[in-house]
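Colleague: Below you will find the structure I want to go over with you.
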Ligand SMILES: [Zn+2]
């Protein structure tokens, strides 16, 4: 039998490691059991099968799931939505209003993802469309109640993407951060940026402040897992983004480019130093963090100063 990890991470909150391509501790889906059930993040299409097995192990009946809340439509977060709704007859998919068209018609998203991510897009799999009638185009402040004192409040947190949402769970004072708070490498307790182009640093920093103002006690990262000292973690990430941007600024001032920036980041950023071996040994992070994330910050500084 294949390894499948389910963890009770909070009161009525469970985490399923969807193990895309056998990668553990990389993509999490959260299951909130109230009177009905809400799922936060689907993971990619290729691991929906694992997610469904996880739901079975948690004794979740398909018709009990009322909401599937995704942070954004990138393949590793909402890519599985179209496949998943086929198994959950009553579930509606909550997504930022600007992301909704891409869930309904994922063709362009898939094409772009293949161009940008290449081999990694193939690992995630092609997203299936979500029927338009099952999509809730959400905006900041909306609340979705699943009963028994379990609810999700939409917090618009743009920056990583122009259509990114986080979800605040008031009873547990926790936030499902999607990609708004970076990637938390829980095994080594380090945060690294997820800032692919077109990343907006200014807006991402505002989003981090917005999350910090909620004074959460717990963060639930999609990549990956539960973290305490939530406010401190949000501030740490903001400082790291500023550090990266300053290095990119320096590069541009002396006529250097992406490669120099990346090298300097590895030299100066203590978190990256600590995580380097982990990142470089990872099938997906090896290509994305020190490639795409650095490029995103670099492009932002180049285009917006
Ligand atoms: Zn992601």
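Where a number appears in this text, it was derived from the coordinates with a stated rule and is not lab data. These numbers were taken from a predicted model, which means no experiment stands behind them. Neighbour counts run over all protein chains shown; Cβ positions are idealised from the backbone, glycine included.
Colleague: Order the peptides 177-188, 68-79, 154-165 from the highest to the lowest mean number of other Cβ atoms within 10 Å of their residues.
Modeller: Averaged packing, sorted descending, gives the order 68-79, 177-188, 154-165.
Colleague: Based on the Kirkwood radius over alpha-carbon pairs, what is the Stokes-Einstein translational diffusion coefficient of region 116-192 at 25 °C with 0.890 mPa s viscosity, in µm²/s? Walk me through the numbers before you get to the answer.
Modeller: Values: Rh = 15.1 Å.
So the translational diffusion coefficient is about 162 µm²/s.
Colleague: From the helices alone, meaning DSSP H stretches of at least four residues, give me the mean residue ellipticity at 222 nm for the chain, per-run term -39500 (n - 2.57), in deg cm²/dmol to the nearest 500. Don't jump to the answer; show the numbers that get you there.
Modeller: Values: 11 runs with 111 residues, N = 305.
About -10500 deg cm²/dmol.
Colleague: Right, something else. Report the relative contact order of region 206-271, percent, no decimals, based on alpha-carbon pairs under 8 angstrom and at least 6 residues apart.
Modeller: Worked out over region 206-271, it gives 23 percent.
Colleague: Oh, and also: Among 61-67, 250-256, how do they line up by average Cβ neighbours within 10 Å per residue, starting with the highest?
Modeller: Order by mean packing, descending: 61-67, 250-256.
Colleague: In Å, what Kirkwood hydrodynamic radius results for region 68-176 from the alpha-carbon pair distances?
Modeller: Over region 68-176, the inverse of the mean reciprocal pair distance is 14.3 Å.
Colleague: Evaluate the distance, in nm, between pseudo-label points positioned 7 Å from the Cα of residue 268 and of residue 206 along their respective Cα→Cβ axes.
Modeller: 2.6 nm
Colleague: If you don't mind, there's one more thing I want to ask. If we sort 289-297, 214-222, 86-94 on the protection proxy, mean other Cβ atoms within 10 Å, highest first, what's the order? List each step's numbers first, then the result.
Modeller: Details: 289-297: 22.2, 214-222: 20.7, 86-94: 18.7.
Sorting 289-297, 214-222, 86-94 by mean packing, highest first, produces 289-297, 214-222, 86-94.
Colleague: Okay, next question. Based only on Cα atoms, what Rg/Rh ratio does the chain have, Rh being taken as Kirkwood's radius?
Modeller: 0.95
Colleague: Could you work out, for region 191-280, what percent of all Cα-Cα pairs fall into each 5 Å distance bin, beginning at 0 Å and stopping at the bin that holds the largest distance?
Modeller: In order of increasing distance, the bins hold 3, 12, 20, 24, 20, 12, 6, 2, 0 percent.
Colleague: With the alpha-carbon atoms as the only input, what is the per residue convex hull volume for region 252-305 in Å³? Let's see the in-between values first.
Modeller: On the way: hull volume 3.9 nm³, N = 54.
Looking at region 252-305, the number lands at 73 Å³ per residue.
Colleague: Here's something else I'd like to know. Mind pulling the angle between the C-alpha long axis of helix 270-280 and the longest principal axis of the chain? Nearest 10 degrees, somewhere in 0 to 90.
Modeller: Between the helix axis and the principal axis of the chain, the angle is about 70 degrees.
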